[in-house]
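**Q** Sending over a structure as structure tokens; questions will come in a sec.
The values are calculated or read from the model by the stated rules, or taken from the named source; none is laboratory data. None of these values were measured; they are calculated from a predicted model. FYI the Cβ positions are ideal-geometry reconstructions off the backbone, even for glycines, and counts take in every protein chain you see.
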Amino acid sequence: MRTESIRILGIDPGLARVGYGVIDINKTNSSMIDCGIIYTEKDQEEGKRLVEISKDLENLIVTWKPQLAAVEKFFFYRSSTTISVVQARGVIMMVLAKFDIKVVEFPPMQIKLALTGSGKASKNEVLDGVMRELELKVPPKPDDAADALAVALTAWFQR
């Protein structure tokens, strides 16, 4: 049995909002260290928004020094934002590679299954799982941050 702890950065990709959650796991418990969003202004050109995501993610990595990153896999939908989200995800993957952080990826159904036992769970059921696993009294806000914590926990469960 491992006795060391691990710090995991969970990421829910997007262009307007990138959810992030940082958790510490050791042999006796798991705890939330930080969560929130990287927000980009809609009136800025897309290139500048991608640079903002890169800079803010780099700051998070320098601050929290994660050993593992878990990123939600993107599924292609017929949407006007699909390409923008994929580009933001590419920037996220580049920054993680720049810091030589191992990355694991999970589709939404696998995240739901890991936290609730059902791949078709609702957002509220996943949130309940996050709160239970991290022993949180108050739900993490906004939703993108809670989703990122769910991705991080899935990485731990799938180790």
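**Q** Quick check on GLY14: is it surrounded by 16 or more Cβ atoms within 10 Å (Cβ to Cβ), touching a residue at least 24 places away in the same chain (Cβ under 8 Å), of a type outside the set (A, V, I, L, M, F, W, C) and not in a loop (DSSP other than H, G, I, E, B)? Even if it seems obvious, please write down each step before you answer.
**A** Numbers: surrounded by 16 or more Cβ atoms within 10 Å (Cβ to Cβ): yes; touching a residue at least 24 places away in the same chain (Cβ under 8 Å): yes; of a type outside the set (A, V, I, L, M, F, W, C): yes; not in a loop (DSSP other than H, G, I, E, B): no.
Considered against the rule, which asks whether it is surrounded by 16 or more Cβ atoms within 10 Å (Cβ to Cβ), touching a residue at least 24 places away in the same chain (Cβ under 8 Å), of a type outside the set (A, V, I, L, M, F, W, C) and not in a loop (DSSP other than H, G, I, E, B), GLY14 comes out as no.
**Q** Specify the residue that is nearest to VAL91 (Cα to Cα); the eligible residues are those in segment 17-38 that are polar (S, T, N, Q) and in a loop (DSSP other than H, G, I, E, B). Step through it out loud before you land on a result.
**A** We begin by selecting, within segment 17-38, every residue polar (S, T, N, Q); these are 26, 28-31.
Still in the list and also in a loop (DSSP other than H, G, I, E, B): 26, 28-29.
On the way: ASN26: 30, THR28: 35, ASN29: 32 Å.
The extreme case among them is ASN26.
**Q** Can LEU57 be described as modelled with pLDDT under 95, closer than 28 Å to ALA114 by Cα, surrounded by 17 or more Cβ atoms within 10 Å (Cβ to Cβ) and not basic (Lys, Arg)? Don't jump to the end; show me each part of the working.
**A** Numbers: modelled with pLDDT under 95: no; closer than 28 Å to ALA114 by Cα: yes; surrounded by 17 or more Cβ atoms within 10 Å (Cβ to Cβ): yes; not basic (Lys, Arg): yes.
Criteria not met by LEU57.
**Q** Let me ask something else. Among all residue pairs at least 6 apart or on different chains, which show Cβ distances below 7 Å where the first residue, located in segment 60-71, is on the phi < 0 side of the Ramachandran plot and among the aromatic types (Phe, Trp, Tyr) and the second is modelled with pLDDT of 95 or more and not in a helix (DSSP H, G or I)?
**A** Every condition considered, the pairs that remain are TRP64/ARG7; TRP64/LEU9; TRP64/VAL22; TRP64/ILE33; TRP64/ASP34.
**Q** Quick check on ASP128: is it acidic (Asp, Glu), at pLDDT 95 or above and crowded, with 21+ Cβ neighbours inside 10 Å?
**A** On the way: acidic (Asp, Glu): yes; at pLDDT 95 or above: yes; crowded, with 21+ Cβ neighbours inside 10 Å: no.
So ASP128 does not fit the description; no.
**Q** Quick check, is GLU41 part of a loop (DSSP other than H, G, I, E, B), of a type in the set (D, E, K, R) and either surrounded by fewer than 23 Cβ atoms within 10 Å (Cβ to Cβ) or under 15 Å from the mean Cα position of the chain (by Cα) (or both)?
**A** Numbers: part of a loop (DSSP other than H, G, I, E, B): yes; of a type in the set (D, E, K, R): yes; either surrounded by fewer than 23 Cβ atoms within 10 Å (Cβ to Cβ) or under 15 Å from the mean Cα position of the chain (by Cα) (or both): yes.
Here the answer is yes, as GLU41 does meet what is asked.
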